[in-house]
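Structure record follows, encoded as C-alpha cells.
The values are calculated or read from the model by the stated rules, or taken from the named source; none is laboratory data. From a predicted model like this one, the values you see are computed outputs, not experimental measurements. Positions of Cβ are generated from backbone atoms using ideal geometry, with glycine treated the same way; all protein chains shown enter the neighbour counts. These area figures cover heavy atoms from the full protein model, side chains too; ligands, DNA and RNA do not enter into them. Shrake-Rupley method; radii C 1.70, N 1.55, O 1.52, S 1.80 Å.
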Amino acid sequence: MAEKVYHKLCETMARRGGRYPGLDIPEFYTLAEELFSPAEAAVAAAMPSKPITAAAMAKETGKNEEELKVLLEAMADKGLCSSFEIDGVRSYVGSPFVPGIFEFQFMRGTRTNRDRKMARLIHDYKQAVDKARGPQTVSFPANRIIPVGETIRSGSKVHTYNQVAGYLEKADPISVSTCFCRHEAKLLDEKNDCGKPDEVCMQFGLGAKYVIERGLGRRVTKEEARETLKKAAAAGLVHASLNTQEIDFLCNCCSCHCMILKTALRQPKPGRAFYSGFQPRVSPDLCTSCEACVERCPSKACTMGDGVPNFDLDRCFGCGVCAIGCPVEAIVLEEKPGLPEVPRDRKALREALEARK
C-alpha cells in the first residue's frame, strides 16, 4: 500500500513540474520516504496546486476533516505544502519541489543532522534527474532578472514589473530567509562557501505570510528589505524570480551555487535563456579601465578591449551587477529590443513554456 502511495505522489510531483519534477527513479522514493510519511504522501498526492480548504479536501478525499486539518498543519510546518489565511479562511496549496518544497527545507538556515541528511538526499535526487533527463535546453525562460532601478538609463521605458522597488513598495508583508542553494552547498561541505550573504532571499504577500507564520524566515520592514537588497547588490548577487509580471519571491543568486544561474550558464547563449530585458551601455569618457565590471560579471560576458568593457550580449544577463559595481558610474542599462513579453502570471508562463516545447 505504501509503495502505491509514493508512486502516486511521484505522478503528482511530475504534473506540478518545475526544474526538478517527480521522476520515477530510485532516488525519488528514497527522498520522498524521508520527506513524507505514508499518510502525508497520500494527502500531498491528492492536493491540488490551487488553494483548497481542509473542509473541501476532506469532502473530495472522504477523510475526516479534523484529522485532515491536523495533518495539513503538520505538513505546512514541515514545508511540504504552503498555507495561508484570507478573511479568516485557512487554505493549503500543493507545492512543486522547485520552487517550493526543496527551498522550504533550508530557508530557516539551520544545520542539524537531519538538515545534512536532507541536503544529501535532495542533491542526489537532483543529480539523478539531471542524468536521466540529459542536458536541458531552455526554449523559453522560466525565470527572469529584475534589475535595480538605479542602474537603468534615465529616460528608458521601464514597466512596473521591471522595478524591484515597485514590488517592495506594494508588498505586505515582506519576509527574508536563507538562500537554499548556498545553504545546501554548505550542508554538504562546510568549505563550499563563496562568501556571499545568505539571508537575502525575499518573499512577498501571501508567500511571506506563510514563511513568517511557519518560522521559515523573518518579517522585515520595507526599509530593512531595501537594505537587504542593497547588501545583495553590493555583493554582486543577481535578483531573480519567476518569469512572470506577478511575483511572490525574489532570489538573490550567485553563479557558483544557484540553480537558476547554473542552468542558464549551461546554455549555448546564456543571455537568451535568462535575462532582464535590458543590456549594458558604456560611456568610454567616464571609464577608468578599473575592470571591476569584468570581475563582477556573473556570466563572464564582460571583457576589456581598448581600455573599455565590451559585452557579449549572447552571454549577458542584463542584471546590472556591472553597473552597480562601477565606481564612476560609466555603465547603465538600456532596453534590449526583440525580447518576448513577460507572461502576466504562472498560468501564462506555463502556456508559454508548453507552446515552445
*List, please: which pairs have Cβ atoms under 9 Å, are six or more places apart or on different chains, and start with a residue in the range 27-39 that is within 17 Å of Arg120 (Cβ to Cβ) and end with one that is part of a helix (DSSP H, G or I) and open to solvent by 70 Å² or more (accessible area, probe 1.4 Å)?*
Glu27/Gln127; Tyr29/Glu3; Tyr29/His7; Glu34/Arg114; Glu34/Lys117
_Quick check on my filter: what residues within the range 203-224 are assigned to a loop (DSSP other than H, G, I, E, B) and small (Gly, Ala, Ser)?_
Gly215, Gly217
*Positions within the range 20-37 being outside any helix (DSSP H, G or I) and either touching a strand residue (DSSP E or B) at 6+ places or on another chain (Cβ under 9 Å) or buried (at least 21 other Cβ atoms within 10 Å of the Cβ) (or both), in sequence order*: Tyr20, Gly22, Phe36
_Where the second residue is part of a loop (DSSP other than H, G, I, E, B) and open to solvent by 60 Å² or more (accessible area, probe 1.4 Å) and the first is under 12 Å from Tyr20 (Cα atoms) and lies in the range 124-141, which pairs have Cβ atoms under 6 Å and are six or more apart or on separate chains?_
none
_Odd one out for Pro48 among (1) at pLDDT below 95; (2) over 24 Å from Ala208 (Cα atoms); (3) in a loop (DSSP other than H, G, I, E, B)_ = (2)
_Taking the condition of being surrounded by fewer than 16 Cβ atoms within 10 Å (Cβ to Cβ) and either within 16 Å of Pro147 (Cβ to Cβ) or more than 30 Å from the chain's Cα centre (by Cα) (or both), how many residues in the range 278-294 meet it?_
8
_Condition first: open to solvent by less than 20 Å² (accessible area, probe 1.4 Å), outside any strand (DSSP E or B) and closer than 24 Å to Ile86 by Cα. Can you find one or more residues in the range 191-202 that meet it?_
no
*Counting only residues that are surrounded by 13 or more Cβ atoms within 10 Å (Cβ to Cβ), over 14 Å from Arg272 (Cα atoms) and hydrophobic (A, V, I, L, M, F, W, C), how many does the range 312-357 have?*
13
_Which numbered condition Ala54 misses (of (1) out of contact with any helix residue (DSSP H, G or I) (no Cβ under 7 Å at 6 or more places or on another chain); (2) open to solvent by less than 30 Å² (accessible area, probe 1.4 Å))_ = (1)
*Got at least one residue in the range 247-264 being on the phi > 0 side of the Ramachandran plot and open to solvent by 10 Å² or more (accessible area, probe 1.4 Å)?*
no
*Restricting attention to the range 295-311, and to residues there that are within 26 Å of Ser241 (Cα to Cα) and of a type in the set (D, E, K, R), which single residue is surrounded by the most Cβ atoms within 10 Å (Cβ to Cβ)?*
Arg296
*Check off (1) assigned to a loop (DSSP other than H, G, I, E, B); (2) among the charged types (D, E, K, R); (3) open to solvent by less than 60 Å² (accessible area, probe 1.4 Å) for Glu40 and give me the number that stays unchecked.*
(1)
*What residue, of Ala234, Ala225, Ala240, is at pLDDT below 95, hydrophobic (A, V, I, L, M, F, W, C) and surrounded by fewer than 19 Cβ atoms within 10 Å (Cβ to Cβ)?*
Ala234
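Go through the range 267-324 residue by residue and tally those that are of a type in the set (D, E, K, R) and either over 21 Å from Cys253 (Cα atoms) or in contact with a strand residue (DSSP E or B) (Cβ under 7 Å, 6 or more places away or on another chain) (or both).
Of the residues in that region, 4 qualify.
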*asked:* Cβ-Cβ under 7 Å, sequence separation 6+ or interchain: first residue in the range 1-19 and under 19 Å from Glu351 (Cα atoms) and in contact (Cβ under 8 Å) with a residue 60 or more places away in the chain, partner open to solvent by 40 Å² or more (accessible area, probe 1.4 Å) and assigned to a loop (DSSP other than H, G, I, E, B). Which pairs?
replied: Arg16/Ser49
*Please find, among Cys179, Cys258, Cys254, the residue that is modelled with pLDDT of 95 or more, of a type outside the set (D, E, K, R) and within 25 Å of Cys326 (Cα to Cα).*
Cys254
